[in-house]
Amino acid sequence: MAYELEWLDNTQTALHLTFIGNWGWRDVENCRPPIRNMVADISREVSLVVDFNTDFWIPGGIELNLPRFNQYRNPKIKELIIVVANPFLRNVMVIYSKKPGGFGYPIRMVASLSAARQMVDEANVQ
């Protein structure tokens, strides 16, 4: 398993999905059921923080496989907050998000997990 999934905060308003090491597209598919299970008993919408910031690894076939992220669609997920410092991956994600259908959610991109935490904290205050 080349990903970790945990709540980002104690109030369970954001899930934190981190891809680790030489993750692959199968990992993108395999983390869907655990995400679904974690939000099943939550009565409100949550943010999904997808963290690619562990290193600069990108599996091959990104242009064909990026649509797999659309498979996260879940009525309890209100947005994707993507943590990515890799300039190439960041640009690809920006371009993909502007395509019709894109990620299927509003997305925000940040360069660090601390910036993602700040977004979640600010949203919880409102």
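The values are calculated or read from the model by the stated rules, or taken from the named source; none is laboratory data. Source: prediction; values computed, not measured. Cβ atoms come from the backbone with ideal geometry, glycine included; neighbour counts cover every protein chain shown. Accessible surface areas use protein heavy atoms only, side chains included; no ligands, DNA or RNA. Shrake-Rupley method; radii C 1.70, N 1.55, O 1.52, S 1.80 Å.
Remarks
- Here the accessible area is traced with a 1.4 Å probe on the protein chains. For the range 72-126, carbon and sulfur cover 57 percent of it.
- Looking at the range 1-56, the trypsin sites (Lys or Arg not before Pro) that sit in a DSSP loop and have at most 10 other Cβ atoms within 10 Å of their own Cβ are R44.
- Cα gyration tensor shape of the range 1-106, rounded if a/c is under 1.5, else prolate or oblate by comparing a/b with b/c: prolate
- Gyration tensor (alpha-carbon) shape descriptor, the range 72-126, a/c threshold 1.5: oblate
- Highest mean first, the peptides 17-25, 4-12 sorted by other C-beta atoms within 10 Å per residue fall in the order 17-25, 4-12.
- Ratio Rg/Rh, restricted to the range 1-41 and using Cα atoms, in which Rh is the Kirkwood radius: 0.99
- Heavy-atom surface of the chain, accessible at 1.4 Å and reported per residue (Å²): 53 Å²
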